[in-house]
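Asks: So that we are looking at the same thing, I have put the structure below in structure tokens.
The values are calculated or read from the model by the stated rules, or taken from the named source; none is laboratory data. Source: prediction; values computed, not measured. Positions of Cβ are generated from backbone atoms using ideal geometry, with glycine treated the same way; all protein chains shown enter the neighbour counts. Surface areas here come from the heavy atoms of the whole protein model, side chains and all, with no ligands, DNA or RNA. Shrake-Rupley method; radii C 1.70, N 1.55, O 1.52, S 1.80 Å.
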Amino acid sequence: MQAVSLPANLAPRLPAGSVRLGAVAAGTAMHLDVTLKVRDQSALTAFLDGLSNRKSPYFHDFLKPGQFGPLFGPSLSQLATVENALRAAGLSPGVVSSNRLSIPVTATALTIERAFRVDLVRYRLTNGRVAIANSTAPKLASSAASLVSGILGLNDMDVSQSMLSKPANPTAAAPGQAALKRTTATPSAAGPQACTDASQTATENGAYTASQLASYYLMSPLYSDGDLGQGVRVALAEIGPNLPSDISAYEQCYGIKTPVSYLKIDGGAGTGSGAPSPEAALDIEDVAGLAPGISVDVYQAPNSDADVYDMFKAIVDTDKDKVVSASFGECEALIEANDPAYFTDVTTLMSQAQTQGQTVFASAGDTGSSGCYGNGEATPDDNFPASSPFVVAVGGTTIESGGGETVWNESADEAGAAGGGDSTAWCMPAYQYQTAIPGLVNSLSETNAVCVKANKGGYVREIPDVSADADPESGYVIYAAGQWQSVGGTSAAAPLWAAIAALIDSSPFCADYGSGAAGVLPAGLYGMMALDHSYVYESVPEGLLDITEGNNDYTPTGYTGGLYPATEGFDMASGLGVPIVTGEDGSGHVSMFYPGLAALMCQYYATKLMSTSVTGISPNVGRAGRATTVTVHGHGFLPIAGADRAVVGATTLNATCSTASICKVTVPAESTRTINIQIIAEDLTPSAVTKADRFQYVAAPYVSSLSPNKGTHKGGTTVTIRGSNFIGVTSVHFGGKLGGKLRVISATEIKVVAPAGAGTVHVTVTAVGGTSNAPGFKYT
């Protein structure tokens, strides 16, 4: 059968200065992944679009483990076609992945060369590393080639780069909490507390402990509500090792016991202190210190495209971790030149993660808008996988000593800058194309004709999506290589966001709203922002804080084009903004009523409590001039302390809601009138005004006449009492004796039977409004 070339695996571009060493030894054992195309991309796209669209039948219908392959992977007959072609080429295909997207192949270099009709060559790169590359595009039987996306592992010219940065000039000029002036919040006693050594390192280096960052980004109020991320698993994708003893020391410092498991992929990333940086320790300690109730799964793989693909495949196919974080990346231009199949294959995995409700974060990069800096290129470019659709790209900011944040840019010290910009490889996904979000489409947005199929404007993907502190000069205190130190980079910002997503998943907001694992799913994030942008971009922001100062033009790269500036709304220097996890009022005080990011994400994916209504007030009348505590019955109340308010005209009152249908409200003393009591949850839409929510202030009853006004001393005379304000009548007394058979005919008429008595006595009516005047009744 005719063999055809696979266009996604052309011979890679050789870096300048590469030295050919000769052929790969024939007996060298090699591991490859033959990756497969999705069976029906349009069906997958429609499903993805529907997951966050409340009008879609797919809304919130996330897939369970094992469902993706049968629904969207190749058919069994298509798999058989590819397997047969591999066997015919002399290979022994392994077990197909559960998502049906890859077939592993292990064979000698000679067998692989013969099977795919390529030569495998060794090269020494300028950094001393020895890499291999295929000299031509591999070939496969035409019957199978159309089903294959690519072959990963034929070359390892490019490797991912850690997005970690160390401070150039550690200083105590802005120590710890002194710089955290955005809110009046302080570290919560309910959350992890840093030990003396960590706090001292923070002070000496102008860096921050986990408890300070949790306070600053308003995570700590969730701790007070019992949310430490419990029940949530977080996967960390690592291409470098760490010392488990470092993690133990960090946890001992904070008094936490976050379980950490290590899973080696393709042999793992090595062990001990041989890591090129404290990257893995940072990632683990970052998420554990901020969400100590989680379980951490550390996936470790060698640093090659094929191995990183296998690592992501393991995380996504297993689907036990609803939050995923990766603090590494490669520039798009190099991947396009050397391994374009890696682009497509990893992004397909990211789309699978989206179908399963997994939130994936990736560092946007530490060299500003020039993602290929360090690889001999200074032109603007993004980092992958951050640029991939269905990944939340995390950029970087600097927490300023006087309060607030600006885009991280340490060009002067050559200490890095926040990654971001227009993608050269990906179209803006439909979920990101939300023109209601200010700044999303701007003068720096680029278009590509092929992108018209992805979004109406034909725009390319823009990153970052969000940001957080990444400046090593205002860095994160960690314990690595046996010592306390401070580090930064978007490597730190990505796991910080992963911790936030875990807290959101575990929050009482998602539990009460029935949201499932809302996390910070990218489609939900942009959908929420389009719906609630007025909450975010207002004078008192909610959910996210807009960054409007700085740019990410990292001048040490040699590029000085001025891209990209921070502006109002979305921008490619800081994305949508930095997190405000819970709410705060206009005075900077924490408030569960004003929705933070946790509440907004959970409310966006809500399956219950989607609207608020009042069905009754008990009691519904009260004495004028006196405060009254009433029970409000209804639907859609949020049983979280401080999350609900009662609205009476222009007055807002506290509401204590014990369940989704019962709240207690104390209405103030008022003059005689009728009011409506509306309930509003999280500063959203108040309940509609109806007859059922009325509360009436009434004056004391007034008796104008008794008929008859006399009766036998034996009692038994039926007396008709006329007057006003006979509302909520509880008793009628004849002198000191209680009248019998009381019947309230109306607010102006009562019938009652007089008790036995003597002489002339005063008759009084007791009602909600008080006790009436006292006309006389004469016994005969």
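Asks: Give the lysines reachable from Lys778 as a straight Cα distance under 22 Å; neighbours fewer than 8 places away on the same chain don't count.
Replies: Of all the lysines, those that pass the test against Lys778 - Cα under 22 Å, at least 8 places apart if same chain - are Lys710, Lys714, Lys737, Lys741, Lys751.
Asks: Please work out the FRET efficiency for the pair Ser671 and Ala650, using the Cβ-Cβ distance as r and a Förster radius of 22 Å; give the result to the nearest 0.05.
Replies: 0.90
Asks: Right, here's the next one. Determine the relative contact order of region 1-157: mean sequence separation of Cα pairs under 8 Å and six or more apart, normalised by residue count, in whole percent.
Replies: Rounded, it is 42 percent for region 1-157.
Asks: So, by mean Cβ neighbours within 10 angstrom, what's the order for 480-486, 523-529 with the highest one leading?
Replies: So the order, starting with the most tightly packed, is 523-529, 480-486.
Asks: Can I ask one more? What lysines does Lys322 reach when the alpha-carbon gap must be under 23 Å and sequence neighbours fewer than 8 apart in one chain are set aside?
Replies: By straight Cα distance, Lys322 reaches Lys64, Lys257, Lys264, Lys313, Lys608.
Asks: Filter the GluC sites (Glu not before Pro) in region 497-599 down to the DSSP loop ones having no more than 11 other Cβ atoms within 10 Å, then list what survives.
Replies: Sparse-neighbourhood loop GluC sites (Glu not before Pro): Glu538, Glu568.
Asks: Could you please state how large a percent of the accessible area of region 251-339 is carbon and sulfur, counting protein chains only and using a 1.4 Å probe?
Replies: Roughly 51 percent, rounded to a whole number.
Asks: Just checking my list (i) 39.3; (ii) 34.2; (iii) 36.0 against mean projected area of the Cα convex hull in nm² computed from this structure; which label fits?
Replies: Recomputing mean projected area of the Cα convex hull in nm² here picks out (i).
Asks: Angle between the Cα long axis of helix 305-318 and the longest principal axis of the chain, 0 to 90 degrees, nearest 10?
Replies: 30
Asks: Run the dipole for region 560-701 about the Cα centre, Lys and Arg Cβ at +1, Asp and Glu Cβ at -1, nothing else charged, and hand back the magnitude in debye, nearest 20.
Replies: Charge dipole of region 560-701: 800 debye, to the nearest 20.
Asks: Which ³J(HN,Hα) values in Hz, rounded to whole numbers, follow from the phi angles of region 200-208 under the Karplus curve 6.51 cos²θ - 1.76 cosθ + 1.60, where θ = phi - 60° and Gly and Pro get x?
Replies: Coupling constants for region 200-208: 5, 4, 4, 5, 5, 9, x, 10, 10 Hz.
Asks: Can you find, among Cys372, Phe390, Ser704, the residue sitting farthest towards the positive end of the charge dipole of the chain, where Lys and Arg contribute +1 and Asp and Glu -1 at Cβ?
Replies: Ser704
Asks: What is the dipole size for the chain, taken about its Cα centre, with +1 at each Lys and Arg Cβ and -1 at each Asp and Glu Cβ, in debye to the nearest 20?
Replies: It works out to roughly 4900 debye.
Asks: Next up: Go through 742-749, 439-446, 199-206 and give me the packing order, highest mean Cβ count within 10 Å leading.
Replies: Taking the mean over residues of other Cβ atoms within 10 Å, the ranking is 199-206, 439-446, 742-749.
Asks: Quick one: which residues, 5 or more positions from Ala468 or on another chain, have an amide H under 5 Å from its amide H? H modelled 1.01 Å from N in the peptide plane, none for Pro or chain starts.
Replies: Gly395, Gly396, Thr397
Asks: Quote the Stokes-Einstein diffusion coefficient, in whole µm² s⁻¹, for region 65-157, based on the Kirkwood radius over alpha carbon pairs, a temperature of 37 °C and a viscosity of 0.692 mPa s.
Replies: Estimated diffusion coefficient is 226 µm²/s.
Asks: Let me ask something additional. What's the angle, to the nearest 10 degrees (0 to 90), between helix 41-51's Cα axis and the longest principal axis of the chain?
Replies: 30
Asks: Just want the answer: with Cβ charges of +1 for Lys and Arg and -1 for Asp and Glu, which residue in Leu71, Tyr262, Gly649 is farthest toward the dipole's positive end in the chain?
Replies: Gly649
Asks: I would also like to ask the following. Go through 713-723, 570-580 and give me the packing order, highest mean Cβ count within 10 Å leading.
Replies: 570-580, 713-723
Asks: Near the amide H of Gly368, under 5 Å away, which other amide H atoms are found, from residues 5 or more places off or on another chain, if H is placed in the peptide plane?
Replies: Ala417, Ala418, Gly419
Asks: Can you tell me the length gained on complete extension of the stretch Ser135 to Thr712, counting 0.36 nm per residue apart and subtracting the Cα distance? Walk me through the intermediate numbers first.
Replies: Details: separation 577, 0.36 × 577 = 207.72 nm, distance 12.12 nm.
The span from Ser135 to Thr712 would gain 195.6 nm if fully extended.
Asks: Considering only protein heavy atoms, what per residue accessible area in square angstrom results for the chain with a 1.4 angstrom probe?
Replies: With all protein chains present, the chain gives 36 Å² per residue.
Asks: Going through region 619-660, which trypsin sites (Lys or Arg not before Pro) have at most 15 other Cβ atoms within 10 Å and a DSSP loop state?
Replies: Those that pass, being in a loop and sparsely packed, are Arg626.
Asks: Same structure again: Quick one: helix 279-290 against the long Cα principal axis of the chain, what's the angle to the nearest 10°, folded into 0 to 90?
Replies: Result, in degrees: 10.
Asks: Test of understanding: what is the full-extension gain from Ala23 to Lys741, defined as 0.36 nm times their sequence separation minus their Cα-Cα distance?
Replies: Extra length from Ala23 to Lys741 when fully extended: 247.6 nm.
Asks: Continuing with this model, one more query. Could you work out the helix-only [θ] at 222 nm for the chain, with each DSSP H run of four or more residues adding -39,500 (n - 2.57) and the total divided by the number of residues, to the nearest 500 deg cm²/dmol? Present the calculation step by step, with values, prior to reporting the outcome.
Replies: Details: 17 runs with 169 residues, N = 780.
Counting only the DSSP helices, I get -6500 deg cm²/dmol.
Asks: With all protein chains present, how much of the accessible area of region 380-490 (probe radius 1.4 Å) comes from carbon and sulfur, to the nearest whole percent? Working shown, then result.
Replies: Working: 1570 of 3240 Å².
Its accessible area is 48 percent carbon and sulfur atoms.
Asks: Grab the Cα-Cα distance for Thr659 and Gln483, subtract it from 0.36 nm times how many residues apart they are, and report the gain in nm with one decimal.
Replies: Numbers: separation 176, 0.36 × 176 = 63.36 nm, distance 4.83 nm.
Result: 58.5 nm gained on full extension.
Asks: Assuming R0 = 41 Å, can you tell me the calculated FRET efficiency for the pair Lys64 and Thr560, based on Cβ-Cβ distance, to the nearest 0.05?
Replies: 0.20
Asks: Okay, next question. Going toward the positive end of the dipole of the chain, with +1 on Lys and Arg Cβ and -1 on Asp and Glu Cβ, which of Thr111, Ser199, Val324 do you reach last?
Replies: Of Thr111, Ser199, Val324, it is Val324.
Asks: Considering only protein heavy atoms and a 1.4 Å probe, what is the carbon-and-sulfur percentage of the accessible area of region 649-780?
Replies: Ligands and nucleic acids excluded, carbon and sulfur give 54 percent.
Asks: With each pseudo-label sitting 7 Å past Cα toward Cβ, what's the Val452-Arg694 distance in nm, one decimal?
Replies: 6.0
Asks: What FRET efficiency, computed as 1/(1 + (r/R0)^6) with R0 = 45 Å and r the Cβ-Cβ distance, is obtained for Leu76 and Glu568, rounded to the nearest 0.05?
Replies: 0.25
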